[in-house]
1. When you go through (1) closer than 26 Å to residue 243 by Cβ; (2) part of a loop (DSSP other than H, G, I, E, B) one by one for residue 69, which number turns out not to apply?
2. Out of the range 568-587, which residues are crowded, with 16+ Cβ neighbours inside 10 Å and under 21 Å from residue 485 (Cβ atoms)?
3. Return yes or no: is residue 331 in contact (Cβ under 8 Å) with a residue 60 or more places away in the chain, part of a helix (DSSP H, G or I) and at negative phi?
4. Go through (1) over 27 Å from the mean Cα position of the chain (by Cα); (2) surrounded by 18 or more Cβ atoms within 10 Å (Cβ to Cβ); (3) at pLDDT below 90 and name the single condition residue 112 misses.
5. Restricting the search to the range 1-52, which residues are surrounded by 13 or more Cβ atoms within 10 Å (Cβ to Cβ), at pLDDT below 95 and of a type in the set (Val, Ile, Thr)?
6. Of the residues 591, 549, 603, 564, which single one is over 27 Å from the mean Cα position of the chain (by Cα) and either buried (at least 22 other Cβ atoms within 10 Å of the Cβ) or not polar (S, T, N, Q) (or both)?
7. Within the set of pairs 6 or more residues apart or between chains, which connect a residue that is at pLDDT 95 or above inside the range 199-224 to a residue that is in a strand (DSSP E or B) and surrounded by fewer than 19 Cβ atoms within 10 Å (Cβ to Cβ) with Cβ atoms less than 6 Å apart?
8. From the list 232, 263, 257, pick out the single residue that is under 18 Å from residue 352 (Cβ atoms) and either more than 24 Å from the chain's Cα centre (by Cα) or outside any helix (DSSP H, G or I) (or both).
Amino acid sequence: MNRPVIIDQRMPPRAPLEMPKQDLRRHTPVVTAPTSWKTLLYRLAVFVPALITTGLLIGAFVDWMSNGGLNAVEMLLICLVGLTFMWISLYVSSASLGFLAHFSLLKRAALPQQDGDAMSVALLVPMYHEAPGDVFGNLAAMAQDLAAAQTSHSYDIFFLSDTQDAESGKQERVVFDRFCSFLPHGINAYYRRREVNKDKKSGNIADWLTNWGGAYDAMLVLDADSLMSASAVTRLTDAMASDPRAGLVQSQPQLYAGQSLFARTQQFAGAAYGFILAKGLSLWSGKEGNFWGHNAIIRTRAFAETAGLPKIRGLRSRETLILSHDIVEAALLRRGGWSVRFLPEIKGSYEEAPANLVDFAIRDRRWCYGNMQHMRILGSKGLHWVSRFHLLHGAMGYLMSPVWFLLLIIWVLLGRTPEANPITYFSAQNPLYPMWPENSMVNSFGLLLFMYSMLLLPKLLGIITCALTPGAVSGFGGPMRLGLSFLTEVACSIAYAPILMIQQSIAVIRAFIGIPAKWAPQQRQGGQYSVLTLFKFHALETLFGTLIIAGMGLGIVSIWLLPIGLSLLLSVPLSALSGLRPRGGLLPRWIMSTPDDITPPQIMKASRHWRTLMGGTAHVTATTERPKTKIATKPQAA
């Protein structure tokens, strides 16, 4: 076996596991337990209403546009509306299921408690040009918390570095030695750095499995910015110990430590609305859940036996690495007869969010490229239909952006006709007498209001959930702060959605023409980009926004597109605003604060302490100043 060259390591004796590459074209069926009747009912409760609602909307569009017959453009518009609205309806149905479940007996269901054997668990921390003080600081806080926990499970920590720069590698080793000097009794820590980072992150994990995985019952995979309390770690382990057929148990990572406007927007949305969406997803997914790549526990032998990733053929008939590998690995685990479960009830699992719009879009390009690959994996033999749906859903999440953009173009084309444009009511023959269109204002307003309401409904359900849950509103700082934060988050979402539509459309085009997404270090601390850099990055958005607003001025573009046109036209200042930190005035420091910002849990307090001790950046709360960071001059290549 050709092993990547290890240039620096402090590892235990080898305990190899075989990890064969899986054949996506062949599979021997595995006998598994039938799906429970409850899970079947949950799936019907999500998919049937979504199909019915989409059918009714299509019927309403046909009725609206059928006066005088449907032309080709209108028929295409109706088809695209149906396609996009189906995914919106599924989103709403999942949130509604989670909302109802939260206020039913289901919310009282006890989390799994350990009733199996004690497990030996390896905490795996893949690293690639990270700030070592931050990574080791987070793990130091976790190690201290685990050492104080009452559990029969045992835990070791592995730092798996793919850092290529020798000087950065030396810094990692220095901080690792400092980390080990504070390591509590009962927990071992190991470090190794690969000179050749074959197959990137998935190859990093596979290298550990094939060389040391045999010594551990399970591995808890973390990201370099992950933070988990001992309670979250042990509850995940208990869930796996209590279910011998559990191959993977995923927690719901909450975003934390966000200081910029964009990060706080994502963070507040996750805290206020995220649980009901996650709860709904967990109910209808059942044992066919998903894997998000980190903050999840995995049975090592199950993963090694069933989830070895093969290469797939790219557009130029070359074998390429599967990028968004986590969803594929979950599908392969389920194909092998192991359950994949999602437990959003487990609290104390955290990750960080991109600090600004540019960093978010660059990360999205990598994810998009991987998710587009899933379209070629959909036909793999032996996959459960829910696993196929997860693969399709990931791809459609990006494909919806160019579809929405195509809808925008069609809407502009329809806006060129008097009967479709609500701002054209006067004819040249009789300019003093308005000709009110029969189907434009009332029908179009009603349909658009319905579609916008559906987009907003999951957010409203989240706020209602907070209002009806004892103590939840005070956790956000009280009703006034929660209400203003909610309105700010909605306004930011509306403002940034058209920009993300263009950026994701660019990412889809890059993926389809085969432009690879480079594996670049992530800008976890963010920074402000120069105005010139922002103009270059958002040139297309600015151009399209200018054309839309100019078209409105000439009366050839529908006034309904004004919010989209303004967002695109102002993409550069909006992007600059995304990286700023609220400091007062119109955006007070407390805006979009979460309960974890206002009352930080102990693990976050410990993380700040240990990050400082390890030489990293101490996270601060939403109401205090953050240390200044180095300003980037241009985005990282994607």
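The values are calculated or read from the model by the stated rules, or taken from the named source; none is laboratory data. Since this is a predicted model, take the numbers as computed values, not measurements. So basically every Cβ, Gly included, is an ideal-geometry build from the backbone, and we count neighbours across all protein chains shown.
1. Answer for residue 69: the failing condition is (1).
2. Of everything in the range 568-587, those that are crowded, with 16+ Cβ neighbours inside 10 Å and under 21 Å from residue 485 (Cβ atoms) turn out to be 574, 577, 578, 579, 581, 582, 587.
3. Judged against the criteria, residue 331 is a match.
4. (1)
5. Those that are surrounded by 13 or more Cβ atoms within 10 Å (Cβ to Cβ), at pLDDT below 95 and of a type in the set (Val, Ile, Thr): 6, 7, 32, 35.
6. Residue meeting the stated conditions: 549.
7. From the range 199-224, the pairs are 216/120; 217/120.
8. Going through 232, 263, 257 in turn, just one is under 18 Å from residue 352 (Cβ atoms) and either more than 24 Å from the chain's Cα centre (by Cα) or outside any helix (DSSP H, G or I) (or both): 257.
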